[in-house]
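*Asks:* One structure, pasted below without further comment.
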Amino acid sequence: MYVITGITGQVGGAVARTLLGAGRPVRAIVRDARKGAAWAERGCDVALADLNDAAALASAFKGAQGVFVMAPPIFDPAPGFPEARALFAALRTALERARPPKAVCLSTIGAQASQPNLLNQLGLMEQQLGALPLPIAFLRAGWFMENSAWDIAPARETGVIQSFLQPLDKPAPMVATADVGRLAAELLQETWIGKRIIELEGPRRIAPDEIATLCSKALGRAVRMEAVPRETWADLFTTQGMKNPLPRMQMLDGFNEGWIEFEGGESGSVKGRIEFDTVLKGLLGQGA
């Protein structure tokens, strides 16, 4: 039995579908039984647990051949990341109690960066869970291609996409969530000793200007990227409801300045199979 957290999201769902397609038994962890119904219909065992509830998680992890751990994103954390620290403490306690034979954890590009930024949260996860006495793998994924879903409406309606990734001609390390889920499922079925770090991005890096070109082609209209001035970010994010926008701004700085990068660099990362234009067609409902 492979236990999957975050199964209602894109990555967790891809992990589960890959395992089910290989004939592997899957246990879905959900907070709401209604959200687990569709997975139960596909043959999954369903366990109810909140990721902050160590006892419930330990019970759900019991008897697993492997556990996929995915922390929900916290985009607007309080200073010092108390929400993430509490979550990782619960996950660590649950894994200590259940002692599954292995765990695969979704991490991020730049988790090793020492500069303050939003992704430090997953660096904390690697520190907390990496100290456990069990085989554990951290899958550091690039920027999700599916984040471009937010760009579809403005591209279609105005022909202009606002970009925080800059310069606009600088290729960024991106990856399709389906590639992340597939590799995580493959790792769960492997055997190893100790801690592993696997860094994953798409077949090639994509610049914002190229995304605009692909959108233009897919939508049949002119589309261009427009850089959002750095000096406007704080007010913009605050207007959007963020209480503590600085970590997000620092993360974007890290991508733009190049210090959020894979530890092994572009040459050392595993390359996915799915191109950006395939993901874009999916976002537009155009199929592969």
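The values are calculated or read from the model by the stated rules, or taken from the named source; none is laboratory data. Remember, it's a predicted structure, so these values are computed and weren't measured experimentally. Virtual Cβ from ideal backbone geometry, glycine too; neighbours counted across all protein chains shown. When the accessible area is computed, the model is the full protein with side chains, heavy atoms only, and any ligands, DNA or RNA have been set aside. Shrake-Rupley method; radii C 1.70, N 1.55, O 1.52, S 1.80 Å.
Here is a yes/no grid of residues against (1) surrounded by 15 or more Cβ atoms within 10 Å (Cβ to Cβ); (2) among the aliphatic types (A, V, I, L, M); (3) at pLDDT 95 or above; (4) closer than 28 Å to residue 241 by Cα:
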| residue | (1), (2), (3), (4) |
| --- | --- |
| 13 | yes, no, yes, no |
| 20 | yes, yes, yes, no |
| 26 | yes, yes, yes, no |
| 35 | no, no, no, yes |
| 61 | yes, no, yes, no |
| 64 | yes, yes, yes, no |
| 69 | yes, yes, yes, no |
| 73 | no, no, no, yes |
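*Asks:* Quick one: which of 167, 171, 116, 154 is open to solvent by 10 Å² or more (accessible area, probe 1.4 Å), within 19 Å of residue 265 (Cβ to Cβ) and more than 18 Å from the chain's Cα centre (by Cα)? Break it down stepwise before answering.
*Replies:* Numbers: 167 fails: within 19 Å of residue 265 (Cβ to Cβ); 116 fails: within 19 Å of residue 265 (Cβ to Cβ); 154 fails: within 19 Å of residue 265 (Cβ to Cβ).
Going through 167, 171, 116, 154 in turn, just one is open to solvent by 10 Å² or more (accessible area, probe 1.4 Å), within 19 Å of residue 265 (Cβ to Cβ) and more than 18 Å from the chain's Cα centre (by Cα): 171.
Here is a yes/no grid of residues against (1) more than 25 Å from residue 104 (Cα to Cα); (2) assigned to a strand (DSSP E or B); (3) without any contact (Cβ under 8 Å) to a residue 24 or more places away in the chain; (4) in contact with a helix residue (DSSP H, G or I) (Cβ under 8 Å, 6 or more places away or on another chain):
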residue: 165; (1), (2), (3), (4): yes, no, no, yes
residue: 221; (1), (2), (3), (4): yes, no, no, yes
residue: 231; (1), (2), (3), (4): yes, no, yes, no
residue: 254; (1), (2), (3), (4): yes, no, no, no
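*Asks:* Residues to consider are 152, 193, 161; find the one that is over 27 Å from residue 23 (Cα atoms) and not in a helix (DSSP H, G or I). Outline the logic, then answer.
*Replies:* Working: 152 fails: not in a helix (DSSP H, G or I); 193 fails: over 27 Å from residue 23 (Cα atoms).
The unique qualifying residue is 161.
*Asks:* Give me the residue from region 200-209 that is outside any loop (DSSP other than H, G, I, E, B) and open to solvent by less than 20 Å² (accessible area, probe 1.4 Å) and, out of that set, farthest from residue 102 (Cα to Cα). Explain how you work it out, then say what you get.
*Replies:* Of region 200-209, the ones outside any loop (DSSP other than H, G, I, E, B) are 200-201, 206, 208-209.
Imposing the further condition that a residue be open to solvent by less than 20 Å² (accessible area, probe 1.4 Å) reduces the set to 200-201, 206, 208.
Working: 200: 20, 201: 23, 206: 34, 208: 38 Å.
The extreme case among them is 208.
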